[in-house]
Amino acid sequence: MSDAALSVGPTAAGGVRAAPRAGWHVATVAATRRETPNATRLELEVEGWPGNAPGQHLDVRLTAPDGYTATRSYSIASSGPSRRVVLAIDKLPDGEVSPFLVDEVRAGDLLEVHGPLGAYFVWRPAASGADPRPVQLIAGGSGVVPLYAIAQAHADADDPSAFRLLYSVRTPADVYFADELHGLVAASAPFRLDLVYTRSTPDGWPLQAGRITREALEVAVIPAAERPLVYVCGSTGFVERVADWLVELGHDARSIRTERYGGT
Amino acid sequence: MSFITRGFSGRSRERDDRLPPGQTLVHDFPVLSAGPTPDVDTADWEFTIRTESGEHRWSWDEFMALDIEDVSTDIHCVTHWSKLGTSWRGVSLDTLFADVETEQEYVMAHSYGGYTTNIPLDELLDGKAWIAFEFDGEPLDPEHGGPARLLVPALYFWKSAKWVRGLEMMDQDEPGFWEQNGYHLHGDPWKEERYW
């Protein structure tokens, strides 16, 4: 992180790495685009942003004219020292904040953001000399956002270790970062993408639409014997199911990092 | 530095005095966990308090024979949701510490699965914390920390360690799992002690 201001959190027996300190920032919406029929990509230019690690999140605070505020957490789809921060926001049917961010926000708007946040659900390249560890990413729906940031950072780091994304999504139109993910597959990076469609598949797809099964998971993920680090992100039900199966399949619980999104 | 967000009016004006700043009322029960949910059988479960002078230990049956309290309380998660008036049953930390002699003032809670969180002892005593095993009249679900979790409602809910298996007394405050990973050492929701 070349021009990033770094500070160090509390040092602990486990060892805390230097991480950019979280703070409040003013973000200008630089661009918006429709990500899926139900989601929008927001590119923010964040004043004073110290950069962020792949997998981190931030809080967005909205303030109404009478002072009422609403704050929500969103995963960040980008990483590195840049002040350009990318979010991809799924519109929740009864949401208060996400419909505003998805449908109302336009280029030039200002938003308050707090971050970068979280130091556990992140991926960092192996230290020089250390053996890189294979990584298995498992996403349900919009849970792909932090995992896309990790996959892109891995490709940028020229890490030779096995790196796979298993991505469960409703329909082909609901795939986030579709062009970018297929670009990662096409590049020379050792990246593999396995898509599971739960509602409808592309024409000619060899499998029927349906929820991922334990058998399909076992086939798609890097075997436990290779000791992958596994990141799982999605709804609570998806994460609980997948994490339980991973443990049953012999993955070390300490090698499975989970992040769930709630209902608001 | 707060400013008005263009076009945002918000949905609800029923601001409840019981909601700390930055919190939103929810009616479901979201889950925040760093990893898989451990499978803990009450036949194998035990709870320990370790001090400078020794260890106190309870099996599940011994634990269930202690004084059990009904607790009604609000809970606040650092990820901006709160629930009001939740009902729990559990054993007060005052009961568990009744025969514990210690000069040490800080506690590290340890969980099945390896999770840890730190809390000052005086924020666990005098009716402020429980080991809870029932939520809403039902045994606590594993994904919410069953068979038993710490319940410290005055602090953000990551301090209420799920799948708790013991408390270790410490001479000084040291960060637990989330505290090493970006969350505040203390975690008072009314002061918005979310992150360091």
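We did not get these values from a lab; they are worked out from the coordinates using the rules stated. Since we're looking at a predicted model, the values are computed, not measured. Cβ placement follows ideal geometry from the backbone for every residue including glycine, while neighbour counts extend to all protein chains displayed.
Points worth noting:
- Subset of the range B:39-59 [surrounded by 18 or more Cβ atoms within 10 Å (Cβ to Cβ) and either aromatic (Phe, Trp, Tyr) or over 24 Å from A:GLU259 (Cα atoms) (or both)]: B:TRP45, B:PHE47, B:ILE49, B:ARG50, B:TRP58
- Selection from the range B:45-76 of residues that are among the acidic types (Asp, Glu) and in a strand (DSSP E or B): B:GLU46, B:GLU55, B:GLU69, B:ASP70, B:ASP74
- Of all residues in the range A:235-257 being touching a residue at least 40 places away in the same chain (Cβ under 8 Å) and β-branched (Val, Ile, Thr), the one that is farthest from A:ALA119 (Cα to Cα): A:VAL242
- B:ALA98 being crowded, with 21+ Cβ neighbours inside 10 Å and more than 14 Å from chain A (Cβ to nearest Cβ): no
- Members of the range A:61-90 found to be of a type outside the set (A, V, I, L, M), more than 14 Å from every other protein chain (Cβ to nearest Cβ) and part of a loop (DSSP other than H, G, I, E, B), listed by number: A:SER78, A:SER79, A:PRO81, A:SER82, A:ARG83
- Test: residue in the range A:203-210 that is in a loop (DSSP other than H, G, I, E, B), over 13 Å from the mean Cα position of the chain (by Cα), touching a residue at least 40 places away in the same chain (Cβ under 8 Å) and surrounded by 12 or more Cβ atoms within 10 Å (Cβ to Cβ): no
- Any hit, the range B:21-38, residues being loosely packed, with under 11 Cβ neighbours inside 10 Å and either among the aromatic types (Phe, Trp, Tyr) or within 14 Å of chain A (Cβ to nearest Cβ) (or both): yes
- Where strands (runs of 3 or more DSSP E) sit wholly within the range B:88-137, those with at least 1 residues that are of a type in the set (Phe, Trp, Tyr) occupy B:106-111, B:130-135.
- Taking the conditions (1) at the interface with chain B (Cβ under 9 Å from one of its Cβ atoms); (2) not in a strand (DSSP E or B) in turn, A:GLY55 satisfies each one other than (1).
- Single condition B:PHE3 does not satisfy, out of (1) buried (at least 19 other Cβ atoms within 10 Å of the Cβ); (2) within 7 Å of chain A (Cβ to nearest Cβ): (1)
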